[in-house]
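Each reported figure results from applying straightforward, stated rules to the coordinates on display, with no laboratory input. Computed from a prediction, not measured in an experiment: that's the story for all the values here. Note that we place each Cβ from the backbone using ideal geometry, even for glycine, and neighbour counts take in every protein chain shown.
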Amino acid sequence: MTTQGPNPAETAAGSTAVAEPAEDAKRGNGKKNGKSALSEGKRAERRLAWLLCAPAVIVMVAVTAWPIIYSLWLSLQRYDLRFPDDTEFVGLDNYVAVLSSGYWWTAFGVTLAITVVSVAIELVLGMVLALVMHRALVGRGLVRTVSLIPYGIVTVVAAFSWYFAWDQVYGYFTGPDDAPLTQTIPSLLIIVLAEVWKTTPFMALLLMAGLALVPDDLLKAAAMDGANAWQRFTKVMLPVMKPAILVALLFRTLDAFRIFDNIFVLTKGQNDTSSVSMITYNNLIKGLNLGIGATMSVLIFISVAIIAFVFIKLFGTAAPGSDTEGRR
Amino acid sequence: MAGSLLTAAGVVAGCSSEADNVVTLYYALEQYVPHIVATCNEEANGEYQIVHRQLPRDADGQREQMVRRLAAGDTDLDLLGLDVTWVPEFAEAKWLAEWTGEDKASVEEDTLEVPLKTATWDGKLYAAPMNTNVQLLWYDKSLTPEPPKTWEEMIEMSRDLKAQGKPYQILYTGAQYEGLVVAFNSLVNSAGGQVLSDDGTEVTLDDKARRALEIMRQMVDEGLNSPSLSNAQEQQVVDSFSPGDSQAAFQINWPFVYAATRDAKSPRFENLAWTTYPGVGDNPGRVTVGGFNIAVSAYSEKKDLAFKAARCLRQAKNQKYAAICGGVPPTLESLYKDEEPIAPCDGDTSGKRQSMVDAYPMRDDILKSLETAAVRPLTPVYQNLSTVTSKILSPPGSIDPQATLEELREELNNAVQSQGVLP
């Protein structure tokens, strides 16, 4: 919220609560001139702002912070629903158990591989699709609608149609002795395919928003200077689109890292195809081991936080959520 | 996250209100259930009314639904349909009401010993056996008029048949799932071993288990299994045996093979024969028992009615209906000698009145197998044990008897102590 340019409350404060030149307030630089003059009124406004936010903050804490804290607390306990009498505080034992488990690291590797491969493919295909949708001269509406259909289908339903397509008995992509969904690499490829098919339109949508930012004049000027189509794409369009691309990449990476439904339907995590979410589900819901399950949830939470952090650090000011981005 | 989930389940469940005499039955979606529920409701004459809440067809889905609600202390569940492997888990978690007194006596009467063992945990009866099941050895009597008595004999016959260019394959459920655990458990027990100690606290895999692993590996090495062994579940096994050009000579599978092969109009049906599960060396075959039990939830607020309803649901005439019309063998010994036909099954338009003799030509062999059958390891952490076992044994071609045995011992030991991580 606070990064979305000049705060309307601040502007209002500048113009009404305090005697301040109206032009300054309108230009949004009241802050610079009237630091001391503003302070009292501004403080009151801040207080009001906090009070106004309070209900939302309380709800957020109740529905987000509390479960996170409770998960952390569970992860420090031996807590298996099948042995209710053996529940006890065990410190970091669960973390040791999970982090020293081959199953966890296999799942982690599989998740990373699926994330990197599918997001990379989606970026390329999404860009192509975005360009097509952006440039389409005839039937633009139709092209956009058609390409968005996969995104509109419920993931589980789409996953089931992929499942039956590759099924040993009913599948129209397989023969009677051919069961790709029971082998690791073919299964992973099918999972990536299902992911890409499903979310490329989403990527394209986000990228299209970026394409709209590229001024036609700039492209025309570049063309006038002798830049060919590829140069115009890499030297003009991509730099201007960078923020949009980063948003798209960040969203999809975080999303892909939490992949669950496609794997659940396609392989149930058999033959080393579990993602971290899948293995967490197996331990928590199937295995009834709240301690280990909560530990895994916390580790996923940390991984996701790291991914977000890396995006923001690596891409600096252009990254979504960084201070300057919104005020450009 | 788990906490909020569980609370949510509790809140949702808490909202339902029902008439005082309604007993809910959480049982898999099976075609014979509505009939036996209706029979009991009629007999109860208003004392109780059973309402069937259908659970998914797959075992994991059934277990998950019940477990989630029971973990939240849901009082809405009265009767639970439990796979034979779930009783220790549910009992240890204190989710099941114990059967005592007259209820217990009625369950013990006429019920076969091995199915009864699957309903018992820690010396107490926690469930009533509804139906049972055992795998048999199915073979082609034109190829092997005298069926093998041991795995060694079967391997030799298969080898000879292969050399003669005849169908030779030995089929069993080798995919990475519960079926592979059943196959392994039957082999270990037939070799004279056991996976866990009787109290379920110790891993007892020894030389005998090693022998079981050797047999599984040897068949792959000699190419005596089907190439799709590592994808084979029950249905694939019967499907690879039925066609006229099938390369299979033997299959280890449940009794549904008989009806499935007949209904598929398989050219091999006329030579299809069966016998009990083969032994290993000098040891007789001990096949793994399957089936379903019915239990009363510890959180039920109508336990008295629930016990009554459960007794009604598993009474002889209902078990007989389920056996003939639903294909699940009964747990009452007397029904294996019963030859009285019943009224046509619901929905059967041919009006055929079948008896146990028509539906179970293999009933003597089922009964014989049940007398010596092995239970799957009785432990609250069976789910972990099963997941880990099928993971380690898959695919059977990758088994290295000594190394696999050691890996199994270590991982199962972790599982039994509910330590370590599930794959």
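At a glance:
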read-out: Helix B:33-44 vs. chain B, principal-axis angle (Cα, 0 to 90°, nearest 10); value: 40
read-out: For the stretch A:269-294 versus the stretch B:355-371, the gap between their alpha-carbon centres in whole angstrom; value: 40
read-out: Leading residue at positive end of dipole, the protein assembly as shown (Cβ point charges), from B:Thr100, B:Gly165, A:Gly139; value: A:Gly139
read-out: C-alpha long axis of helix B:178-190 to longest principal axis of chain B, angle in °; value: 70
read-out: Amide H within-cut-off set for B:Thr204, under 5 Å, with H built and near neighbours excluded; value: B:Leu196, B:Ser197
read-out: Within-15-Å neighbourhood charge of B:Gln419 [Cβ basis; K, R +1; D, E -1]; value: -4
read-out: Kirkwood Rh, Cα atoms: Rg over Rh of the stretch A:220-312; value: 1.27
read-out: Ascending count of other beta-carbon atoms within 10 Å, so fewest first, for A:Ile307, A:Ile279, B:Ile155; value: A:Ile307, B:Ile155, A:Ile279
read-out: Proximal lysines relative to A:Lys220, as straight alpha-carbon distance under 25 Å, when same-chain residues fewer than 8 apart are discounted; value: A:Lys235, A:Lys242
read-out: Within straight-line cross-link reach of A:Lys42, aspartates and glutamates at Cα separation under 20 Å, skipping those fewer than 8 residues along the same chain; value: A:Glu10, A:Glu20, A:Glu23, A:Asp24
read-out: Given charges at Cβ of Lys, Arg, Asp, Glu: chain B dipole, positive-most of B:Leu125, B:Pro148, B:Leu80; value: B:Pro148
read-out: Whole-Hz ³J(HN,Hα) from phi, Karplus 6.51 cos²θ - 1.76 cosθ + 1.60, for the stretch B:95-107, glycine and proline x; value: 9, 10, 8, 6, 8, 9, x, 5, 4, 5, 4, 5, 5
read-out: Fraction of beta bridges assigned by DSSP in chain B that are antiparallel (%, nearest 5); value: 65
read-out: Cβ charges +1 (Lys, Arg) and -1 (Asp, Glu), total dipole of the protein assembly as shown, debye; value: 3860
read-out: Cβ-based charge dipole, the protein assembly as shown, positive-most Cα from A:Thr267, B:Pro56, B:Val280; value: A:Thr267
read-out: Lys, Arg +1 and Asp, Glu -1 on Cβ, resulting dipole of the stretch A:67-224 about Cα centre, debye, nearest 20; value: 800
read-out: Anchor B:Lys104: lysines whose Cα lies under 17 Å away (excluding residues fewer than 8 positions away in-chain); value: B:Lys117, B:Lys124, B:Lys303, B:Lys308
read-out: Inter-centroid distance (Cα atoms) of the stretch B:75-117 relative to the stretch B:29-44, Å; value: 19
read-out: Cβ charges +1 (Lys, Arg) and -1 (Asp, Glu), total dipole of the stretch B:111-241, debye; value: 240
read-out: Expected 222 nm ellipticity per residue - DSSP helices of 4 or more, -39500 (n - 2.57), all of the protein assembly as shown, to 500; value: -16000 deg cm²/dmol
